[in-house]
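The values are calculated or read from the model by the stated rules, or taken from the named source; none is laboratory data. The structure presented is a predicted model; accordingly, all values stated were derived computationally and were not measured. Methodologically, a virtual Cβ is constructed for each residue, glycine included, from the backbone with ideal geometry; neighbour enumeration extends over all protein chains shown. Ligands, DNA and RNA are stripped out before the accessible areas are found, and what is left, the full protein with its side chains, is counted by its heavy atoms. Shrake-Rupley method; radii C 1.70, N 1.55, O 1.52, S 1.80 Å.
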Amino acid sequence: MPDPITSLWKDGLTLRVDLQPFSHKEMGEVIGHALGGLVSARTLTRLATVSGGNILYARELVTAAVEHGSLVQRRRLWVWDTEVVLAPRLVDAVWARLALLDPEQRRGPGPRGPR
């Protein structure tokens with residue numbers, strides 16, 4: 001977190017709330033409600049895996065998949081085909097975060113872990 005943000009909760013000016021990833025069940029309830037129907041178990045598992053339980057990430061994935069036509073409703077059940085669509089807003093968010101890193105940080109720890 002940037003120092004000004006950290007200062008807000010350290011100085012007692014705001015409440016810090018640490019959010020946990022959504023469970024498979026929670027993901028199903030939220031996404032099913034947003035889509036207005038049931039979501040297949042396989043689709044939910046895949047969505048939870050790809051998003052890591054991050055509901056904002058999942059929302060962008062679902063939006064892009066519906067727009068692309070890879071997440072469709074068949075016989076009142078939402079199913080996601082094999083194609084993962086790179087949601088433009090997610091791509092932009094990742095590039096913005098990467099731009100803040102220096103070259104060493106972008107490279108990461110490599111295949112053998114931290115140096």
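Does Ala48 satisfy the criteria of being of a type in the set (Gly, Ala, Ser), part of a helix (DSSP H, G or I) and touching a His at 6+ places or on another chain (Cβ under 9 Å)?
yes
Taking Lys10 and the conditions (1) touching a residue at least 24 places away in the same chain (Cβ under 8 Å); (2) open to solvent by 60 Å² or more (accessible area, probe 1.4 Å), which numbered condition does it fall short on, given that it satisfies the others?
(1)
Among the residues of segment 73-115, which ones are modelled with pLDDT of 90 or more and touching a helix residue (DSSP H, G or I) at 6+ places or on another chain (Cβ under 8 Å)?
Across segment 73-115, the qualifying residues are Gln73, Trp78, Val79.
Within segment 40-73, work out how many residues are in contact (Cβ under 8 Å) with a residue 24 or more places away in the chain, open to solvent by 20 Å² or more (accessible area, probe 1.4 Å) and over 20 Å from Val94 (Cα atoms).
4
Residues that are touching a helix residue (DSSP H, G or I) at 6+ places or on another chain (Cβ under 7 Å) and polar (S, T, N, Q): does segment 51-62 have at least one?
Yes: segment 51-62 contains one or more residues that are touching a helix residue (DSSP H, G or I) at 6+ places or on another chain (Cβ under 7 Å) and polar (S, T, N, Q).
If Gly53 passes every condition in (1) closer than 21 Å to Phe22 by Cα; (2) outside any loop (DSSP other than H, G, I, E, B); (3) under 16 Å from the mean Cα position of the chain (by Cα); (4) at pLDDT 75 or above but one, which one does it miss?
Result: Gly53 passes all but (2).
Of all residues in segment 1-30, which are part of a loop (DSSP other than H, G, I, E, B) and in contact with a Leu (Cβ under 9 Å, 6 or more places away or on another chain)?
Across segment 1-30, the qualifying residues are Thr14, Arg16.
How many residues are of a type in the set (Phe, Trp, Tyr) and closer than 17 Å to Glu60 by Cα if we restrict to segment 1-41?
Looking only at that region, the number is 1.
I'm told His33 meets every condition in (1) open to solvent by 90 Å² or more (accessible area, probe 1.4 Å); (2) outside any helix (DSSP H, G or I); (3) modelled with pLDDT of 90 or more; (4) not β-branched (Val, Ile, Thr) except one. Can you identify the failing condition by its number?
The single condition His33 does not satisfy is (2).
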